[in-house]
Amino acid sequence: MLNYIWLIPLFPLIGFLINGFFGKRISKNTVGYIACGAVGLSFIVAVLSFISLLQLTPEHRVFEKILYTWIDSGSFRAEVGFQLDPLSAIMILVVSGVGFVIHIYSTGYMHDDEGYPRYFSYLNLFTFSMLLLVLANNFLLMFIGWEGVGLCSYLLIGFWFEKKSASDAGKKAFVVNRIGDFGFILAIMLIFVTFGTIDFTEVFHAASDKSHMGIITTTTFTAITLLLFVGAVGKSAQIPLYTWLPDAMEGPTPVSALIHAATMVTAGVYMVARCNILYMLAPISMTVVAGVGAATAIYAASIGLVQNDIKRVLAYSTVSQLGYMFLACGVGAFTAGIFHLMTHAFFKACLFLGSGSVIHAMGGEQDMRKMGGLRAHMPRTYWTFVIASLAIAGIPPFAGFFSKDEILWKALTQGNILLWGIGALAAFMTAFYMFRLIFMTFWGESRVEEEVAKHLHESPGNMTFPLIILAFLSIIGGFVGIPLIKGWNKIDEFLSPVFGGHGAGEAVHHSVSLELGMMMVSIVIALAGIFLAYRMYIIAPGIPERLTERHQIAYRVILNKYYIDEIYDALIVRPIKNGANFLWKGFDVVVVDGTVNGAAYLVEQWSKVMRVIQSGYVRNYAFSMIIGLVIIFLFFM
Amino acid sequence: MELLAFYILGAGAVVTAVMMVIHRNPIVSALNLIFTMFCLAGIFVLLNAHFMAAIQILVYAGAIMVLFIFVIMLLNLRGEDWPPLTWKKLLASFIGILFVGYSLIKIIGIFRGSMLPVATPLPEDFGTTRIVGEKLFTDFLLPFEVTSILLLTAIVGAVMLAKMKIDKG
Amino acid sequence: MVPLSHYLILSAILFTIGMMGVLIRRNVIIIFMSIELMLNAVNLTFIAFSRFLNNLDGHIFAFMVMTVAAAEAAVGLAIVISVFRNKPTVNVDEMNIMKW
Amino acid sequence: MEIIAPPIDLTGIMPMIIIAITGILVLIIDLFLKERSKNILIFISLTGVIIAARVSFSQYGGIHYSFHRTFVMDTFSVFFNLIFLLGTALTILISANYIKREEINHGEYYALILFATMGMMLMAGGSDLITIFLGLEIMSISLYILAGFRRTKKESNEAALKYFLLGAFATGFLLYGIAILYGVAGSTNLKDIAASIPGRLFDQKPLLLMGMALLIIGLGFKVASVPFHMWTPDVYEGAPTSITAFMSAGPKAAAFAVFFRIFIDSLGNMEPNWNVIIGIMAVLTMTVGNVLAIAQDNIKRMLAYSSIAHAGYILVALVAANSLGFTSVLFYMLAYTLMNMGAFAIIIILGNKGEEHLNISDYAGLGFKRPLIAFAMSVFMFSMAGIPPMAGFIGKFYIFSAAIKAGYIGLAIIGVINSVISVFYYLRITVIMYMREPVREFNPISLSPLIILALIISVWGTLHLGILPGTIIEFARKSTFAFF
């Protein structure tokens, strides 16, 4: 089966071509079947390839399928081919599997949209590019997939381009991604010049080889890896290039689920993990990766606390979870990062699709303040949503618990207490904002507008079915990586050939009891977050309002009863809220957005000023030539 | 004697060149340029370039400049008035002259400072029509032949652009 | 005997005068004549070097420059005429439709 | 004394002869043709170009000097010949309909294009400054005329005049530079100059530098590098669109061929002196081109600035001055010819008689009304922006890699930043095509079989060079053996 891995990206490409060129002439159903079928076939081939790969002995689990020689010129030789090893196997399963589910979901979600064929052709193109990215056997092919997913993301964010905000968001995503790509492409050039090749296997081989002889300095490795990381930061929405991701929520919700949660944004993590050998040779870069990851994790989580748009909460959550993955990579726990990538794909896709289901039912409303009490109307959505939230919050035995705990544990043992503390605090916030979301949306009194309330309904089968699948995966997904018990941490074992010795967790010198203890701590943290949300949004919703309202009636009773809440409010909630608001409105909007937009504005203004020099007068043109001449003369003499 | 001739011719060339540039009447400018070319032809003779001196007068002064004068007459051009001087312009030209003058002095310095070849006795037929012709038809045959295409291009183009009626067929 | 540097300096001065002509004049034809003056100055350099290097290549080059100058003159004046036909002026400052 | 005629060896200049004869044939046959049968000329010209390309291609390999070393046929010049001929063929294909529409359907049009092509081939193959100069002049004079070919349009007149005056001005500098170089080296032959330079570095170095500075100006003008670029936008805007396309491809490549040949072959010893100045020029050229392109509304003008920017990228490769850099330049020129020609073909297609629709906003909604044309345009824009898997990406990748390899990491970084900036304005076209409601009917548009053929060639080439660049890169690399 391994010889047919080229089929995996081919099917979506065919789907794209058919839907792209003939989509308008064939019926909607056919378009849907073609698109889903293409990805479905990919998934089947991916599963079969995965099984074939498992049959090989662990050390031989690298398979390269060379398609053709791309460039063969002088000392430089590059072959286009696909590489299947444990790392890419996991990635193709996630991409094609989650992609397939989301395609099915989209047939329901986008059913009434005019751009139905356009949507599916973009989605298929995206799947193709993403599979190309993860299957590539060299940096350039990976970069092509990298740019391809960026382009599709841009097209899909701006899918409803009649909305100005949507087309602006698309443009922003594209520009910010280009800034990241700038680093990536420089890194590839540097690799090309340093190693004379861009083939993964050869580069990594040469890197681990040559560094022993000291031919290539650590500085070179640091430069390469930092530049690569700039690319990863752009694509995976880390500080400071994350601003495009929340804006990307302008796109259709299944797109947010597929591209901006499950797959594309994780490409950066994949790339860092793929280059783990280079990163291990550059300690400075590792520190930077861990630092940026941790900072992003806590920063984005804190912003998520105060968002009222259901999709924006999830967007910031995604940024925060990606930060976790980088934190894992940065401390050398690549396995944990990839593990979390996988479980995150399940539960975050489920959450996004669930929110899409809600939005669908609400007729496009995304403001949580106008929701509430939806539990009764859409039970399947509700339950799957709860499962996924428990998973992201890190409650055992759901998938997120295992991967997140693994990351925190590695942050503590291979990193330091500070990284752990940040991770734990972010975990607390995660639990809080996720359940805040659940309580505001599904619980409590209905704040739904009457007009909308009449139409509230559970979503059709082709939308809830994917939810159930993903919820199921969110439950069992973590069992491939159960720690402590020997032989149960399958994923660690499976990935160890890729990450060599350093990716595997060998917690030999740490006591089992410590690890168990830390596990308990993370569970407590998660429960605390959920409990706080429960107190604030269910037991005592709208604390401040009620406080003033009932001031005169039962003063003492209420005072006593609510005293605790006031303390909560003053000591915990207010500072967090204000701080988060400050971070969001102050730092996010002014500093980061301002820099990106400001640079664009500056260039544009400069352009307008500079063009005046082009006056149209021949004499001025001749004069500029003379100035050039004099300057060159002065330079030479 | 030779030095004297050079200075006279050189001074003549410079003065007429300046006149050409600053005179407001195009016809006078053109005549001045012709005079510059005559002076240069004289200097060519000093440099033993007899053939080139003849060509200079025949082609340059005789053909090209006549074409100029012809066009000036055809378009019935009058002299232009110099635009009124303003402080800005004065300043600009001052800076410009400063720049160009500086560069010129620099260049002159380079010429004077470089170890340039000194005159050596020349073969008797240096610069004669015969020897230049021989060179043209042997060493530089390709460039010489290629000029035919150059001239053809110029002729076709000039006719194309300048012909009166824009016919459609 | 006149040293080579004298010829070169004369040629540089003539070249600069031509250059200034291009910069300060507005009449297309005079600008064009200034360019011809620059070419003449170059020819002087060629021929002077040729004499002092005892090498005829410079003569050939000067000869080619003259041919090119003739071709350019024909085309240039044709362009001036075709411009003049649409807009009766030879002032370059008025030829300013396209800018920025 | 008898003059002994040297043996004449025509093999080297055979492609040039074919092109020149075709041009003359076109002129003669044109006299006997009626307006409606002028299509014959297209086929004559195309046949000539194809034969010349065939002959040129068969000569690939080795170095062959002829005409007393005034002309050389080496792999470098053959590769450039093929680029010129490709550009010319595409120009002829996209012109056919356009010149009918604009009522400038004269036989001279094709003849001049062919003569210009001959000039370029002479430039690429010149191994003596005199041949290079004559080639340059044949090309330039043809272009002056072609720029003013729409005699009834004021823009066209103005473009021709500006181009001519500034071009002649630049020629003056170039010639002065050549004269001084001749004086220093005692010869105009490139190899002789190279051989004599080490001996002159002590006593005549300032003179040499002065000559080099003047050469940089003359050639910098032709390749449109800052600050000698100012003619470009005006001339590109005013010239007939098909000629703008022509100018941006072949002549630019030819000027680069000369730039490279002179600066590597003859002045290679002086590299420590010129690399800084050329490097500064490259940075300025990229930056000014890209930044000014952003503010443009006229698509031809935008492409003019974009072509300035591309010249900057290529100068980076000149500074790198290694085999990788030369390979990348050859590849890039080919890719640029294809993508640029394609973009101009689309501009021509979308124009109507009397109304050219050059404003960028005229492209709104093209993606819905004419999806295939919009797709082709996106391919070209993405390629120019350097987005994989298009040809432009591979070209840029090679150029900047060459810079890094030569140790000019700063140049590479500035170059990549510039290509990020350039995405702004290339993307703008795509956005407008796909994400704006149409403001006009794209009907009728000037589609004809020939222009469709040109478009297919360009799209195919742009994609092919991006996806399967191997053979061409290897071909280009072998073509640099003439130098390294």
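Just so you know, all these numbers are worked out from the coordinates, no wet-lab data involved. None of these values were measured; they are calculated from a predicted model. Note that each Cβ is placed from the backbone with ideal geometry, even for glycine, and that neighbours are counted across all protein chains shown.
Which ³J(HN,Hα) values, rounded to whole Hz and listed in residue order, are derived for the stretch D:371-382 from phi using the Karplus coefficients 6.51, -1.76 and 1.60 in 6.51 cos²θ - 1.76 cosθ + 1.60 with θ = phi - 60°, glycine and proline given as x?
Those phi angles translate into x, 5, 5, 5, 4, 4, 4, 5, 4, 5, 5, 5 Hz.
Quick check on packing: order A:426-438, A:36-48 by the mean number of other C-beta atoms within 10 Å, highest mean leading.
So the peptides A:426-438, A:36-48, ranked by packing, come out A:426-438, A:36-48.
Before rounding to the nearest 500, sum -39500 (n - 2.57) across all DSSP H runs of length at least 4 in chain A and divide by the residue total; then give [θ] at 222 nm in deg cm²/dmol.
Computed ellipticity for chain A at 222 nm equals -23000 deg cm²/dmol.
Is the C-alpha gyration tensor of the stretch C:26-91 telling us rounded, prolate or oblate? Criteria: a/c under 1.5 is rounded; beyond that, a/b larger than b/c is prolate, otherwise oblate.
Note, shape of the stretch C:26-91 comes out oblate.
Using a simple spin-label model with points 7 Å from Cα along the Cα→Cβ vector, what separation in nm is obtained for B:Thr86 and B:Ile22?
2.3 nm
Sum up the charges of everything whose Cβ sits under 14 Å from the Cβ of A:Gly108, counting Lys and Arg as +1 and Asp and Glu as -1, but leave A:Gly108 out.
Local net charge: -1.
For the stretch A:46-140, which GluC sites (Glu not before Pro) are both in a DSSP coil and crowded by at most 15 other Cβ atoms within 10 Å?
Hits after loop and neighbour filter: A:Glu114.
Please state the charge dipole magnitude for chain A, taken about the Cα centre, from unit charges on C-beta atoms (+1 on K and R, -1 on D and E), reported in debye and rounded to the nearest 20.
The calculation lands at about 820 debye.
Quantify how strongly other chains surround peptide A:601-613 by giving the mean number of their Cβ atoms within 10 Å of each of its Cβ atoms.
5
Just tell me how shielded A:169-178 is by partners: mean number of partner chain Cβ atoms within 10 Å of each residue's Cβ, no decimals.
3
Tell me which lysines have Cα within less than 26 Å of B:Lys106's Cα, excluding those fewer than 8 residues away on the same chain?
B:Lys89, D:Lys205
Taking only DSSP H segments of four or more residues, each worth -39500 (n - 2.57), what value at 222 nm results for chain B once the sum is divided by all its residues, to the nearest 500 deg cm²/dmol?
-23000 deg cm²/dmol
Would you mind giving the mean number of other chain beta-carbons within 10 Å of the Cβ of each residue in A:158-168, as a whole number?
2
Over 37 Å, how big is the tail of the calculated P(r) for the stretch D:14-478, in percent of all Cα pairs?
20 percent
Order the peptides D:117-126, D:397-406 from the highest to the lowest mean number of other Cβ atoms within 10 Å of their residues.
In decreasing order of mean packing, D:117-126, D:397-406 become D:117-126, D:397-406.
Does the stretch B:1-104 classify as rounded, prolate or oblate by the C-alpha gyration tensor (a ≥ b ≥ c root eigenvalues; a/c under 1.5 gives rounded; else a/b over b/c gives prolate, otherwise oblate)?
Because a/c hits 1.5 or more and a/b fails to exceed b/c, the stretch B:1-104 counts as oblate.
Please sort D:175-182, D:370-377, D:283-290 by packing, taking for each peptide the average over its residues of neighbouring beta carbons within 10 angstrom, highest first.
D:175-182, D:283-290, D:370-377
Can you list residues whose amide H is under 5 Å from D:Tyr65's amide H, if they're 5+ apart or on another chain and H is modeled 1.01 Å from N?
Result for D:Tyr65 returns D:Met73.
B:Leu77's amide H: which non-local residues (gap 5+, or another chain) put their own amide H closer than 5 Å, with H modeled 1.01 Å from N in plane and none for Pro or chain starts?
none
Using a Förster distance of 56 angstrom, determine the FRET efficiency expected from the C-beta separation of A:Ser27 and A:Ile215, and round it to 0.05.
FRET efficiency, A:Ser27 to A:Ile215: 0.35.
Determine the relative contact order of chain D: mean sequence separation of Cα pairs under 8 Å and six or more apart, normalised by residue count, in whole percent.
16 percent
Mind scanning D:Lys300/D:Lys478; A:Lys370/D:Lys369; A:Lys24/A:Lys348; A:Lys28/A:Lys164 and naming the pairs with a C-alpha gap bigger than 29 Å?
D:Lys300/D:Lys478; A:Lys370/D:Lys369; A:Lys24/A:Lys348
What relative contact order, as a whole-number percentage, does chain A give when Cα pairs under 8 Å and 6 or more residues apart are counted?
12 percent
Give the lysines reachable from A:Lys163 as a straight Cα distance under 18 Å; neighbours fewer than 8 places away on the same chain don't count.
Reachable lysines: A:Lys171, A:Lys172, A:Lys311.
Under a 5 Å amide H to amide H cut-off, with H placed in plane at 1.01 Å, what residues pair with D:Ile387 once short-range neighbours are removed?
Amide H neighbours of D:Ile387, under 5 Å, 5+ apart: D:Phe393.
State whether chain A is rounded, prolate or oblate according to the following rule on the C-alpha gyration tensor (a ≥ b ≥ c being the square roots of its eigenvalues): a/c under 1.5 gives rounded; otherwise a/b larger than b/c gives prolate, and the remaining case gives oblate.
rounded
What is the sum of charges, Lys and Arg at +1 and Asp and Glu at -1, for the other residues whose Cβ falls under 12 Å from the Cβ of D:Thr471?
0
How high is the relative contact order of chain B, given as a whole-number percent (alpha carbon pairs under 8 Å, six or more residues apart)?
Worked out over chain B, it gives 20 percent.
Can you work out ³J(HN,Hα) from phi for every residue in the stretch C:90-98, in order, using Karplus 6.51 cos²θ - 1.76 cosθ + 1.60 and θ = phi - 60°, giving whole Hz and x for Gly and Pro?
Running phi through 6.51 cos²θ - 1.76 cosθ + 1.60 with θ = phi - 60° gives 10, 8, 5, 5, 8, 9, 8, 6, 9 Hz.
Which value in deg cm²/dmol, rounded to the nearest 500, describes the helix-derived mean residue ellipticity at 222 nm for chain D, given -39,500 (n - 2.57) per DSSP H run of n ≥ 4 and division by the residue count?
-25000 deg cm²/dmol
Name the lysines eligible as straight-distance cross-link partners of D:Lys38: C-alpha to C-alpha under 17 Å, and not fewer than 8 places from it in the same chain.
B:Lys168, D:Lys100
From the phi angles alone, apply the Karplus equation (6.51, -1.76, 1.60; θ = phi - 60°) to the stretch C:45-52 and give each ³J(HN,Hα) in whole Hz, x where the residue is Gly or Pro.
4, 4, 6, 5, 4, 4, 4, 7
Calculate the translational D of the protein assembly as shown in whole µm² s⁻¹ from Stokes-Einstein, where the hydrodynamic radius comes from the Kirkwood formula applied to all Cα pairs, the temperature is 20 °C and the viscosity 1.002 mPa s.
Here the translational diffusion coefficient equals 62 µm²/s.
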